[in-house]
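Novice: Structure provided below as structure tokens; questions to follow.
The values are calculated or read from the model by the stated rules, or taken from the named source; none is laboratory data. Everything numeric here is computed off the predicted structure, so don't read it as measured data. Here the Cβ positions follow ideal geometry from the backbone for every residue, glycine too, while neighbour counts run over all protein chains shown.
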Amino acid sequence: MPAPLIVQELVERITVNVEQVIKGKREAIHQTILALLCEGHLLIEDVPGLGKTMLARAIARSIGCSFSRIQFTPDMLPSDVTGVSVYNQKTQEFQFRPGPIFAQIVLADEINRATPKTQAALLEAMEERQVTVDGVTHALARPFLVLATQNPIEYEGTFPLPEAQVDRFIMRIRLGYPQRRDELEMLNSQISHHPIQDLGQAVSAEELAAAQSAVREIYIDDQIKHYIISLTTATREHADVYLGASPRGSLALFKTARAAAAAQGRDYVIPDDVKALAVPTLAHRLIISPSARIKNVDPDTLVREALNAVAVPGGQKR
């Protein structure tokens, strides 16, 4: 079977498995799997109670990975995330006790409630897949995915994520409220117990690693690459943007577009792959100018404006 078809079949298996727990959110599940295929991290920005934790747990169970949940609070220390070295009187040596970051799927719940110093403890882990404590570097297991959540409504007692950390999330997604039929199905599925308790493993770690390798082999034409760069450049030149998408944003769109192509069974990227993922990969990287912020300008809207302004390869500019 061709590699893209193997990826497509793997994505479908994980999606169907997770949908036993998360009802009516196929697009959000699909985007989470794309982040996993790209070995990226995901920021879920939404109000409480919409299933962000359940999504992370369901993904971890579906791929047979270890899972940990970090509840961020203002009094949390960096060592509460990374771990600490403890002196052992018997051996008269310091022993490292790993923190909750040493899991394959890490849910960083309400990440913006921690102080910037504690938030920064995630930077090395997210970028380098390693943690350094007391001068000793500890490698993290693969796959490694950070699913961070933050509440966009309540700002009291929170610390906005620094741009350097926001930029490390390959995508930002929102779950949104379920449809009426999906919410009814959710109620019926939890009459006796929660379906997460019965959720089994859908794919193996080896299959996931093979799919990640297959995604890196997907062909992307130079015209598509120029299209991606033109989109990110358009965000930097927009009048309402103080700071546009970084080159890491271009790379995120490049990676996720290849994953999207493979997930649809193709071994090449088309412009529609880029257009579908431009908002989740670029919008959270934009810093709106103060004058535009007063007018409640939405970053998502600015990215859509860039999509309308930049000519699609083979097409005409609107």
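Novice: Given the criterion outside any strand (DSSP E or B), at pLDDT 90 or above and outside the structural domain of K255 (by TED's automatic domain parsing), identify the matching residue among I22, I70. Full working, then the answer.
Specialist: Values: I70 fails: outside any strand (DSSP E or B).
Checking each option against the conditions leaves just I22.
Novice: Next question, about the same structure. Give all pairs with beta carbons closer than 6 Å in which a residue from the range 133-150 that is without any contact (Cβ under 8 Å) to a residue 40 or more places away in the chain and in the same structural domain as F102 (by TED's automatic domain parsing) meets a residue that is of a type in the set (D, E, K, R) and in a loop (DSSP other than H, G, I, E, B); count only pairs at least 6 apart in sequence or on separate chains.
Specialist: Matching pairs, first to second residue: L140/R129.
Novice: Can you pull out the residues in the range 16-29 that are within 14 Å of A58 (Cα to Cα) and either touching a Phe, Trp or Tyr at 6+ places or on another chain (Cβ under 7 Å) or surrounded by fewer than 19 Cβ atoms within 10 Å (Cβ to Cβ) (or both)?
Specialist: Step one: of the range 16-29, the residues within 14 Å of A58 (Cα to Cα) are 16-23, 25-26, 28-29.
Passing the criteria: V16, E19, Q20, R26.
Novice: So which pairs qualify, if the first residue must be in the range 104-125 and more than 22 Å from R61 (Cβ to Cβ), the second must be surrounded by fewer than 20 Cβ atoms within 10 Å (Cβ to Cβ) and of a type in the set (S, T, Y), the Cβ gap must be under 6 Å, and the two must be at least 6 apart or on different chains?
Specialist: Once the first residue is more than 22 Å from R61 (Cβ to Cβ) and sits in the range 104-125, its partners that are surrounded by fewer than 20 Cβ atoms within 10 Å (Cβ to Cβ) and of a type in the set (S, T, Y) give N112/T158; R113/T73; R113/T158.
Novice: Checking the structure you have, find out if any residue of the range 306-314 is closer than 23 Å to L42 by Cβ, touching a residue at least 24 places away in the same chain (Cβ under 8 Å), in a helix (DSSP H, G or I) and more than 18 Å from the chain's Cα centre (by Cα).
Specialist: For the range 306-314, residues closer than 23 Å to L42 by Cβ, touching a residue at least 24 places away in the same chain (Cβ under 8 Å), in a helix (DSSP H, G or I) and more than 18 Å from the chain's Cα centre (by Cα): present.
Novice: Pick from L10, L5, L50: which is buried (at least 19 other Cβ atoms within 10 Å of the Cβ) and outside any loop (DSSP other than H, G, I, E, B)?
Specialist: Step by step, each of L10, L5, L50 is checked, and only L10 is buried (at least 19 other Cβ atoms within 10 Å of the Cβ) and outside any loop (DSSP other than H, G, I, E, B).
Novice: Output the residue which, of all residues in the range 227-238 that are touching a helix residue (DSSP H, G or I) at 6+ places or on another chain (Cβ under 8 Å) and not polar (S, T, N, Q), is farthest from I288 (Cα to Cα).
Specialist: So, considering only residues that are touching a helix residue (DSSP H, G or I) at 6+ places or on another chain (Cβ under 8 Å) and not polar (S, T, N, Q), the one farthest from I288 (Cα to Cα) is Y227.
Novice: Tell me, please, whether a residue that is at pLDDT 95 or above, closer than 20 Å to T32 by Cα, buried (at least 18 other Cβ atoms within 10 Å of the Cβ) and aromatic (F, W, Y) can be found in the range 226-244.
Specialist: No, the range 226-244 contains no residue that is at pLDDT 95 or above, closer than 20 Å to T32 by Cα, buried (at least 18 other Cβ atoms within 10 Å of the Cβ) and aromatic (F, W, Y).
Novice: A follow-up question, please. Could you check how many residues of the range 127-141 are touching a helix residue (DSSP H, G or I) at 6+ places or on another chain (Cβ under 8 Å) and surrounded by 14 or more Cβ atoms within 10 Å (Cβ to Cβ)?
Specialist: 3
Novice: To continue, here is another question. I'd like the residue in the range 38-92 that is more than 22 Å from the chain's Cα centre (by Cα) and among the β-branched types (V, I, T) and, out of all such residues, is farthest from A139 (Cα to Cα).
Specialist: Checked the range 38-92; the qualifying residue farthest from A139 (Cα to Cα) is T91.
Novice: Tell me, please, whether a residue that is outside the structural domain of G40 (by TED's automatic domain parsing), surrounded by fewer than 18 Cβ atoms within 10 Å (Cβ to Cβ) and of a type in the set (G, A, S) can be found in the range 296-308.
Specialist: No.
Novice: Looking only at the range 120-136, decide whether some residue is at pLDDT 90 or above, more than 23 Å from L34 (Cβ to Cβ) and hydrophobic (A, V, I, L, M, F, W, C).
Specialist: Yes, that holds for at least one residue.
Novice: Pick out the one residue from V274, V279 that is touching a Phe, Trp or Tyr at 6+ places or on another chain (Cβ under 9 Å) and either among the polar types (S, T, N, Q) or free of Cβ contacts under 8 Å to residues at least 60 places away in the same chain (or both).
Specialist: Result: V274 is the single residue among V274, V279 that is touching a Phe, Trp or Tyr at 6+ places or on another chain (Cβ under 9 Å) and either among the polar types (S, T, N, Q) or free of Cβ contacts under 8 Å to residues at least 60 places away in the same chain (or both).
Novice: Quick one: how many residues across the range 251-285 are closer than 13 Å to I33 by Cβ and assigned to a loop (DSSP other than H, G, I, E, B)?
Specialist: Counting residues in the range 251-285 that are closer than 13 Å to I33 by Cβ and assigned to a loop (DSSP other than H, G, I, E, B) gives 1.
Novice: Same structure again: With the condition kept exactly as written, say whether any residue in the range 87-98 is buried (at least 18 other Cβ atoms within 10 Å of the Cβ) and in the same structural domain as D134 (by TED's automatic domain parsing).
Specialist: So far as the range 87-98 goes, no, none of its residues is buried (at least 18 other Cβ atoms within 10 Å of the Cβ) and in the same structural domain as D134 (by TED's automatic domain parsing).
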